[in-house]
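*Asks:* Structure incoming, see below.
Computed from the coordinates by the stated procedures, all read-outs in this text should not be read as laboratory data. What you are looking at is a predicted structure, and each value in this text was computed from that prediction instead of being measured. Note that we place each Cβ from the backbone using ideal geometry, even for glycine, and neighbour counts take in every protein chain shown.
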Amino acid sequence: MPIVPYKECLRDYMGVNRVDRTTMICAGTEEGGTGTCQGDSGGPLQCPRSDGRYVLAGMTSWGTICAAPEQPSVFSRVSTQLRWIWLVAGETP
């Protein structure tokens, strides 16, 4: 699922919900048909790395209408939560 630039996501959700650039990632397609739906919360947003492996970039957080045009899915940005994840999981970077 392609990442939606912050300004496009902000435009699409103006007046509906607040999109925080530092803790959220938007993904989907402008024409719709690609996105998350009810029951997908917590599901992964994986992005390919240059070495061909994938990294967990986000976890499904919210959206409005399932895979609707100009309504991207919104994910919690995992990179901003790594300290908490490591603390809870007992791991270190």
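*Asks:* Karplus couplings for the range 78-88 from phi (6.51 cos²θ - 1.76 cosθ + 1.60, θ = phi - 60°), rounded to Hz, Gly and Pro as x?
*Replies:* For the range 78-88, the Karplus-derived couplings read 4, 4, 7, 10, 4, 4, 5, 4, 5, 5, 5 Hz, x marking Gly and Pro.
*Asks:* Under the rule of at least 5 residues apart or a separate chain, name every residue whose amide H is placed under 5 Å from the amide H of residue 4.
*Replies:* 26, 27, 28
*Asks:* Quick check on the exposure proxy: order 41, 50, 61 from fewest to most C-beta atoms within 10 angstrom.
*Replies:* Ascending number of Cβ neighbours within 10 Å: 50, 41, 61.
*Asks:* If the only charges are +1 at each Lys and Arg Cβ and -1 at each Asp and Glu Cβ, what is the size of the charge dipole of the chain around the Cα centre, to the nearest 20 debye?
*Replies:* Working: 8 positive and 9 negative charges, 68 e Å.
Here the size comes out at about 320 debye.
*Asks:* Given (i) 7.2; (ii) 6.8; (iii) 5.2 as candidate values of mean projected area of the Cα convex hull in nm², which corresponds to the one derived from the coordinates?
*Replies:* (ii)
*Asks:* Identify, among 63, 76, 5, the residue whose Cα sits farthest towards the positive end of the charge dipole of the range 3-89, taking +1 on the Cβ of Lys and Arg and -1 on the Cβ of Asp and Glu, with the dipole about the Cα centre.
*Replies:* So the residue furthest toward the plus end is 76.
*Asks:* Tell me, what HN-Hα J-couplings in whole Hz come from the Karplus equation 6.51 cos²θ - 1.76 cosθ + 1.60 at θ = phi - 60° for each residue of the range 37-47, using x for Gly and Pro?
*Replies:* 9, 4, x, 8, 3, x, x, x, 10, 9, 10
*Asks:* If you don't mind, there's one more thing I want to ask. Give the residue list of trypsin sites (Lys or Arg not before Pro) in the range 25-93 that are DSSP loop and have at most 11 other beta-carbon atoms within 10 angstrom. Don't jump to the answer; show the numbers that get you there.
*Replies:* Details: sites: 49, 53, 77, 83; in loops: 49, 53.
Listed in order of number, the matching sites are 49, 53.
*Asks:* What are the ³J(HN,Hα) couplings of the range 7-15, residue after residue, when phi is run through the Karplus curve with 6.51, -1.76, 1.60 and θ = phi - 60°? Round to Hz, x for glycine and proline.
*Replies:* Once rounded to whole Hz, the list reads 4, 5, 5, 4, 4, 5, 10, 4, x.
*Asks:* Of all GluC sites (Glu not before Pro) in the range 4-93, which ones are in loop regions per DSSP and have a Cβ with at most 14 other Cβ atoms within 10 Å?
*Replies:* Values: sites: 8, 30, 31, 70, 91; in loops: 30, 31, 70, 91.
Qualifying residues, ordered by number: 30, 31, 91.
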